[in-house]
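Let me begin by presenting the structure, written as structure tokens, before commenting on it.
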Amino acid sequence: MKNLKHIVIAIVATVVLYSCAPADNNFPGSEYMPDMAHSIAQEANVYNYYHYNTWDSASTVRLKELSYPGLPVEGTVPRGYAGLYFASEKGENASDVMDQLRGAGDVNNIAVPVNGHVPYYYGDTEAERTRATEEIIANPFPITAAGLEKGKELYVIFCGICHGEKGNGLGYLVSDDNPSVKYPAAPANFLLDDFINSSNGRYYHSIMYGKNVMGAYKDKISYEERWQVIHYIRSLQAKEKGLEYSEQANTLNPDYGVPGSQVSTLAESISDAEAAPEEGTPAEEEAAPAESQGESTHGGDSTGKK
């Protein structure tokens, strides 16, 4: 009986020790109730070596390396852009389309960061406002019907309540239709010659930082959306002057924007619904144009630009 007891103890000890075997080659190792001893969650604010849930120095992962964003896969197309597909339809090389998406070539092209963030190199001072007004002239996006429609939607949501739906500075907050009107300052009237003759930099800087009692809107609308709003303001000014500011022509001021009809576009921005294969069309047929160019169309994020 005494020997049997020793045998049982030896067997139990062997099992316990084996359950804690270290990792070796392709064997990941084993541990008794690891969830009770090690945290599975990654500590977001810790940048030192990650010793939890690891076996040795070879399996240690450094959180600092995991926290940095990596570069997209070569050939990645930002979400909403079907550049490679349209390139194949027009007989263009996929590499040319990717270069355009990254800002090369035509003056209206602009690099599109995956996260949609664009740096702005002007400070929130009157001196910097003046510098932005002098240096930022052209709109980096061509005038398109879709852009003007989007700009109108955003203008009505964010601007019209003060500046008025016509851009005349008579929004609801200062209108006689508002019985509780107590606005401390009159909103800008974009239809005055002073604003019509001002460069796009004056508008963009105000959107970024605000002006007088107007707050900043850089956290509310993306880079491209800001420029589409400016396009729409220009269209209101052109309408007031009896001029044209559209995808077909710009008779207001050629420096303010290039009509989309005058721009040769390789890549196009479309919605996810428009990019979806038509019913009855095999998915592999949709992917074939990109594959034929030797490129990959992995999805990436892109909202605003600069």
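Values quoted throughout were computed directly from the atomic coordinates according to the rules given, and no laboratory measurement underlies them. Predicted model only: the values in this text are computed from it and were never measured. Neighbour counts are summed over all protein chains in view; Cβ atoms, including those assigned to glycine, are modelled from backbone coordinates with ideal geometry.
List of remarks:
- Highest-first arrangement of 175-182, 186-193, 130-137, 198-205, where packing means the average Cβ count within 10 Å: 198-205, 186-193, 130-137, 175-182
- Per-residue HN-Hα couplings for the stretch 180-195 [Karplus 6.51, -1.76, 1.60; θ = phi - 60°; Hz; x = Gly/Pro]: 9, 5, 8, 7, x, 8, 6, x, 5, 9, 5, 8, 6, 4, 4, 7
- Pair-distance profile P(r), taking every C-alpha pair of the stretch 125-210, with 5 angstrom steps and integer %: 3, 13, 17, 24, 21, 13, 6, 3, 0
- Highest to lowest packing among 149-159, 119-129, scored as the average C-beta count within 10 Å: 149-159, 119-129
- Amide proton proximity set for Ile143, modelled H, under 5 Å, gap of 5+: Val258, Gly260
- Residue-wise HN-Hα couplings along the stretch 140-148, as the Karplus relation 6.51 cos²θ - 1.76 cosθ + 1.60 with θ = phi - 60° gives them from phi, are x, 10, x, 6, 10, 4, 5, x, 5 Hz; Gly and Pro carry x.
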